[in-house]
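Here is the structure we will look at.
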Amino acid sequence: MRTVITADRLISPERSIANPVVVVEDGVITRMDSRASAELPTGKHLDFPGCTLVPAYFDVHIHGSAGHDVMEGTPQAFSTIGKFLAGHGVGAYLATTVTMPMDATLKSLAAMAGLIGRDIDGARPLGIHIEGPFLSPHKKGAHPARLLLTPSVELFDRMWQAAEGKIRLMTIAPELPNAEEVIAHATALGVRVSMGHSDADTAAARAGIRAGAVTATHTFNAMRQFDHRDPGLLGVVLTNDDLFAELICDGLHVHPNAVRIYWKSKGPERAMLITDAMTAAGMPDGNYMLGELDVRVVEGKCILDENTLAGSTLTLDRAVRNFAEFTGATIDDLSKLASRNPARMTGFEAEAGSLAIGRIADITVLSAKNEVVETILRGRNVVNV
Ligand SMILES: [Zn+2]
């Protein structure tokens, strides 16, 4: 089946095409150019006047949404989350764990791995992000201190095997004993390593990078506070031009001025928007679970205690709009932050992050205000928001 998509503009995001025509056959883009005066090819025509086509978003840090947690590991949980995410412009994500007892984690990883690569409604989980258990008790956030563990290659391998090798990202505190060895071991297996939930000083952060770390987990949050005499991990994240860096841009986790510092430091090649969303995203205020912890959601804010936020109810389309509002970034750059950079960082460039001939047609249709008008996944499965 052939679908012909037209709009005002397309961002690939390497280039911009005015009056684009995108032809999709069997879920794959077979033509992508500017509309000539010639007639459109035959097929189902989807026209989006006044709209911009961008690569569907890719969230590398999301625990759940719409009443479900990815660690449930059921087809129902994944399809409910997938459909919810698709409604917010997301085409791909990394199913992200929270620290649980090891046997529960292994069970979850096995169940999640069985669903990755299967035909699932809406956004596709491309791999797993393990957030924990190798985190600092001083920066634990919503990870129970008693469940945090010292990094160990043996423990990592147990998780890797349970997950059938589908772990693509691991958050770890680089200052912990054996962290460098575990970072190097995971990196050798193709896992991207993210430094976070960490009290690392500058030397430990640099050692983490030398061992293989390529990115940072929710920059500013659950990180040693910046001190101008001892800038620590945050100083390294904001000054290392090679390091990618996640940001939760909900206006709650990070002050707009800190978002501006982040943008000036990381720029369009290394900044990455994530949601860190949990079960309560897309749900009414109330009480929800994140792993073993009770979380109270008040006006969309996920509260563990007075000083601790436990995930978010953010959606990536809103993160994009917030970031535009706080920094003035254009949609050309925003498209890099929400899809291309996550794809580059994780190495899923063939599956997500750009629009090109031969690529899967995962397209988000945006209004002039960057609101999601429609999400087209695999050229079909058109989701009306
Ligand atoms: Zn976290």
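Quick notes on this structure:
- Loop-resident sites, region 24-133, for GluC sites (Glu not before Pro), counting at most 16 other Cβ within 10 Å (DSSP): Glu39
- Model label zone, Glu25; criterion: amide N under 19 Å from point 7 Å along Cα-to-beta-carbon; scope region 344-360: 356-360
- Other residues with beta-carbon under 14 Å from the beta-carbon of Arg296 carry, at +1 per Lys or Arg and -1 per Asp or Glu, a net charge of -4.
- Residues considered: Asp333, Asp362, Asp103. Largest GNM mean-square fluctuation over the chain, using C-alpha springs under 10 Å, is found at Asp103.
- For the options Arg229, Arg340, Arg206, a Gaussian network treatment of the chain with springs between C-alpha atoms closer than 10 Å singles out Arg229 as fluctuating the most.
- Antiparallel bridge percentage (DSSP; both residues within region 179-301; nearest 5): 45 percent
- Take the Cβ atoms of Arg2 and Arg260, set R0 to 51 Å, and the FRET efficiency comes out at 0.70.
- Considering only the chain, percent of DSSP beta bridges that pair antiparallel, nearest 5: 55 percent
- Computed [θ] at 222 nm, deg cm²/dmol, the chain (DSSP H ≥ 4; -39,500 (n - 2.57); rounded to nearest 500): -8000 deg cm²/dmol
- Computed lengthening from Glu306 to Asp227, 0.36 nm per intervening residue step minus Cα-Cα distance: 26.1 nm
- Spatially close lysines, pair count over the chain: Cα under 25 Å, gap of eight or more or interchain: 20
- Once both labels are positioned 7 Å from their Cα atoms along Cα-to-Cβ, the gap between Arg296 and Glu154 label points is 4.2 nm.
- Inverse of mean 1/r across different Cα pairs in region 57-346, Kirkwood, Å: 18.4 Å
A short reminder: the numbers here are calculations on the coordinates, not readings from a lab. Just so you know, these numbers come straight off a predicted model, no measurement behind them. Cβ atoms come from the backbone with ideal geometry, glycine included; neighbour counts cover every protein chain shown.
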